[in-house]
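The values are calculated or read from the model by the stated rules, or taken from the named source; none is laboratory data. Predicted, not measured: the structure shown is a model, and the values here were computed from it. Here the Cβ positions follow ideal geometry from the backbone for every residue, glycine too, while neighbour counts run over all protein chains shown. We work out accessible area using only protein heavy atoms, side chains counted, and drop any ligands, DNA or RNA first. Shrake-Rupley method; radii C 1.70, N 1.55, O 1.52, S 1.80 Å.
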Amino acid sequence: MACIDGVETCIDELELALGTATRGTVTIVLEAAMPRDVNATVLRWTRIDRGPATVILRLAPRLAGRDHHPGVGPSLAPSSVSIGDDRAADQRHGEGALALVEWTVDVPPLRIATDRGRISETPRAIAVHYPVEAARGTAPDETLHVAVTIEAGLAPGESIAVVLGTQTGSPAALPSPAGAAAVLDDAARRRGALLDLAGSAADDARVAALVLAADRFLVRRRDPRLADPDEGVTVIAGYPWFGDWGRDTMISLPGLTLATGRHPEAARILRTWAGLVRDGLLPNLFPDAGGGEPAYQAIDAPLWFVHALGAYQEATGDASLARELRPAVEEIVRGFRDGTRFGIGMDPADGLVRGGEPGLQLTWMDAKVDGVVITPRHGKPVEIGGLWIRALRLAAGWALGDLDAIVAAGHESLARRAAASFRRRYFDPDRGWLRDVIDGPDGDDASLRPNQLLALRLVPDLVDQGRAAAILDAVGRHLVVPGGVRTLAPFEPGYRDRFEGPPAFRDSAYHQGPAWTWLLGPWIDAVARFRGPSAARGELARALAALDPGGTGAIPELVEPEPPHAGRGCPWQAWGVAELLRCAVDLAR
């Protein structure tokens with residue numbers, strides 16, 4: 001008995017694992033695909049051996065009537081099961097069967113259809129214990145429900161196709177089991193097309209895996225706040241726990257779309273989020289359950305949006321999108337220049353951006369435990385300085401392109417002033433690196449953190465060659481580990497050497513030591529600029545070897561800061577995939 005993508009599988013005494021399973025003379029191959037823009041999974045089991053005349057395949061899906069966060073609520077039992085023949089499932093033989101599983105609460109009905117065999121109602125409950133969840137301090141136990149069992153005999157060369165989909169509209173929207181071959185073929189063609197679009201960099205199998213992984217994070221967002229509610233495109237920050245976050249989306253966009261040649265999707269993402277700008281801010285996250293107002297407390301998300309729009313123009317040579325979205329850019333610049341929510345605004349004394357209010361976390365280091373912000377970074381964070389200068393320079397160029405010379409001159413003047421202040425104020429000569437935050441409630445914070453790498457990536461002319469060499473030396477010796485970049489140096493107060501245990505313990509360590517995979521992107525960028533492309537390629541190769549030795553494209557959110565640097569957090573993280581992919585494509589040019 002084995003579990004395959006949530007499907008419990010029994011074949012008499014034959015073990016079946018994901019992919020190919022063999023015992024004696026019986027070999028069965030499992031293929032799986034998810035058609036685009038449809039909430040369905042297509043599975044096909046095929047016998048490829050010349051062994052016994054028939055084996056019996058029994059499939060018993062284990063169902064959980066809940067959202068994607070285990071332990072938040074109970075896994076409800078189905079309220080009703082309807083079973084019948086699906087004559088449309090296989091027009092040749094009329095052998096199809098289907099089941100409709102329904103719940104009494106807000107869980108979409110599940111339609112299960114086959115092209116052969118039979119489906120029978122077999123209600124039973126299975127108690128499941130998750131050791132990893134127990135170690136994480138989250139709910140380790142739940143009850144899963146087997147509502148139906150699928151049974152079919154398979155002779156050599158025969159197959160059975162099963163389609164599982166959530167029926168929220170017409171059943172016709174779901175693929176038919178008879179069309180399983182077409183869905184699987186389409187998926188294979190799509191993979192080939194994505195690799196072709198990505199160019200020669202995808203000739204490397206490790207990069208190809210990242211290209212295919214990138215596709216999984218690009219999704220539709222239907223939002224009534226948009227000019228065209230049905231045309232929104234966004235980025236899922238990570239699987240299986242995250243939704244779409246403004247910051248993660250904008251940081252991920254260059255790697256997921258521009259590096260892979262998917263320029264139309266990049267434009268749609270930028271249009272989607274431009275329509276959500278309010279008071280110069282971009283939503284940081286949307287409620288998991290849908291509906292409701294998004295949270296806007298992010299100082300960096302709108303500036304990352306401007307950077308992503310600039311990256312789009314650089315990659316495509318197309319200035320029309322920047323002209324179209326310039327009103328959103330000007331609203332962002334105006335909000336930061338004149339001041340907006342959460343204490344965010346430009347300090348007239350030096351032209352740099354400050355922000356922060358008690359109880360709020362505004363940067364990407366956003367952990368909060370029992371109302372206490374772990375890494376508040378109130379004041380003027382170093383990466384915000386770089387993002388602000390980058391945004392002003394881009395906005396000035398776009399204003400000049402629109403022959404708006406007065407606005408362009410104003411942006412250029414602010415950018416020059418902010419850059420001069422940055423060069424004067426952030427470098428700490430005693431420690432040899434950039435201060436992480438200046439003008440905070442307790443003064444300047446010169447703790448060795450990786451955020452200075454973002455400033456070097458965004459506006460490399462802010463740091464001269466000598467200072468850059470000192471910064472890279474410090475970061476390389478104290479922060480970079482196999483598979484990530486530490487969020488705090490081990491010799492700093494508050495350093496945490498483990499990311500494990502209950503949620504509160506993990507959250508309190510989140511940005512106090514654990515090494516994040518997405519930070520490898522700005523690290524490799526800095527190495528390429530100041531040490532050369534050859535050194536950067538070496539860093540990229542070491543990162544991929546540590547994170548994804550099997551070439552699956554699965555890049556975790558972070559790794560432990562101490563050996564053996566095991567992967568932790570979300571196992572499929574968008575910006576980790578995106579940043580490594582962006583660097584791989586850049587270095588292949």
(message) Solvent-accessible area of D186, probe 1.4 Å, all protein chains present, reported in Å² to the nearest ten, please.
(response) 80 Å²
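Is it possible to state the helix-based mean residue ellipticity at 222 nm for the chain, with each DSSP H run of 4+ residues giving -39500 (n - 2.57), the sum divided by total residues, to the nearest 500 deg cm²/dmol? What is it?
Numbers: 15 runs with 203 residues, N = 589.
Here the helix-only value at 222 nm equals -11000 deg cm²/dmol.
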(message) Quick query: amide H of D244 versus all other amide H atoms, modeled in the peptide plane; which residues come in under 5 Å with a sequence gap of 5 or more or a different chain?
(response) A237, F286
(message) Please compute the modelled spin-label separation between A349 and S79, points set 7 Å along Cα→Cβ, answer in nm with one decimal.
(response) 6.2 nm
(message) I'd like the distance between the alpha-carbon centres of the stretch 495-511 and the stretch 211-241, rounded to an integer number of Å.
(response) 29 Å
(request) Determine, for each peptide in 472-484, 421-433, the mean count of other beta carbons within 10 angstrom over its residues, then list the peptides with the highest first. (result) 472-484, 421-433
(request) At 0.36 nm per residue, minus the direct Cα-Cα distance, what do Q465 and A504 gain on full extension? Give it in nm, one decimal, please. (result) 9.9 nm
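Using a ≥ b ≥ c from the Cα gyration tensor of the stretch 263-323 (square roots of the eigenvalues), is it rounded, prolate or oblate, where a/c under 1.5 gives rounded and otherwise the larger of a/b and b/c decides, a/b for prolate?
Working: a/c = 2.67, a/b = 1.87, b/c = 1.43.
In terms of gyration-tensor shape, prolate.
If you take the square roots of the eigenvalues of the alpha-carbon gyration tensor of the stretch 233-277 and sort them as a ≥ b ≥ c, do you get rounded (a/c under 1.5), prolate (a/b over b/c) or oblate?
Oblate shape, in that a/c is at least 1.5 and b/c is the bigger or equal ratio.
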(message) Given the options T257, A405, I438, identify the residue whose Cα lies farthest towards the positive end of the charge dipole of the chain (+1 on Cβ of Lys, Arg; -1 on Cβ of Asp, Glu).
(response) A405
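Return the carbon/sulfur percentage of the accessible area of the stretch 238-356, one whole number, probe 1.4 Å, all protein chains in place.
With neighbouring chains kept in place, the figure for the stretch 238-356 is 51 percent.
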(request) With a ≥ b ≥ c taken as the square roots of the eigenvalues of the C-alpha gyration tensor of the stretch 133-233, please select rounded if a/c is under 1.5 and otherwise prolate if a/b is larger than b/c or oblate if it is not? (result) rounded
(request) Provide the packing ranking of 486-495, 359-368, i.e. peptides ordered by the mean count of other C-beta atoms within 10 Å per residue, highest first. (result) 359-368, 486-495
(request) Determine which residues of the stretch 362-388 fall in the zone a paramagnetic label at A420 would reach in this model, i.e. backbone nitrogen under 15 Å from the point 7 Å along Cα→Cβ. (result) none
(message) If you average the C-alpha positions of the stretch 524-589 and of the stretch 435-478 separately, how far apart do those two centres end up, in angstrom?
(response) 20 Å
(request) May I ask for the angle, rounded to the nearest 10°, between helix 382-401 and the longest principal axis of the chain, with both axes built from Cα atoms and the value confined to 0 to 90°? (result) 90 degrees
(request) Show the residues, 5+ positions off or on another chain, whose built amide H is closer than 5 Å to the amide H of M365. (result) none
(message) If I model a spin label as a point 7 Å beyond the Cα along the Cα-Cβ vector, how far apart are those points for V38 and V105 in nm?
(response) 3.0 nm
(request) Just name one of G538, L519, A509: the one whose Cα is farthest towards the positive end of the charge dipole of the stretch 507-548 (beta-carbon charges, Lys/Arg +1, Asp/Glu -1). (result) G538
(message) Can you tell me the orientation of helix 574-588 relative to the chain, as the angle in degrees between its alpha-carbon axis and the longest Cα principal axis, to the nearest 10?
(response) 70 degrees
(message) Per 0.36 nm of contour for each residue apart, how much would the distance between F491 and T54 grow if the chain were fully extended, relative to their Cα-Cα spacing?
(response) 150.8 nm
(request) Of the options A315, G576, V105, report the single residue whose Cα projects farthest towards the positive end of the charge dipole of the chain (beta-carbon charges: Lys, Arg +1; Asp, Glu -1). (result) A315
(message) Order 229-238, 323-332, 447-456, 192-201 from most to least packed using the mean count of other Cβ atoms within 10 Å.
(response) 447-456, 229-238, 323-332, 192-201
(message) Between 0 and 90 degrees, rounded to the nearest ten: what's the tilt of helix 301-316 against the longest Cα principal axis of the chain?
(response) 80 degrees
(request) Go through the stretch 202-215 residue by residue and turn each phi into a ³J(HN,Hα) via Karplus (6.51, -1.76, 1.60, θ = phi - 60°); whole Hz please, and just put x for glycine and proline. (result) 6, 5, 6, 4, 5, 5, 4, 4, 5, 4, 5, 5, 4, 4
(message) Need one number: nm distance between label points at D318 and E121, each 7 Å from Cα along Cα→Cβ, rounded to one decimal.
(response) 5.3 nm
(request) Rounded to the nearest 0.05, what FRET efficiency do R477 and R531 give with R0 = 22 Å and r taken as the Cβ-Cβ distance? Could you check? (result) 0.95
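Nearest 0.05, what FRET efficiency do A405 and A541 give at R0 = 30 Å with Cβ-Cβ as r?
Working: r = 47 Å, r/R0 = 1.58.
So, using R0 = 30 Å, E works out to roughly 0.05.
DSSP loop trypsin sites (Lys or Arg not before Pro) in the stretch 27-67 with at most 10 other Cβ atoms within 10 Å of their Cβ, which ones?
Values: sites: R36, R44, R47, R50, R58, R62, R66; in loops: R36, R50, R62, R66.
Sites meeting the loop and neighbour criteria: R50.
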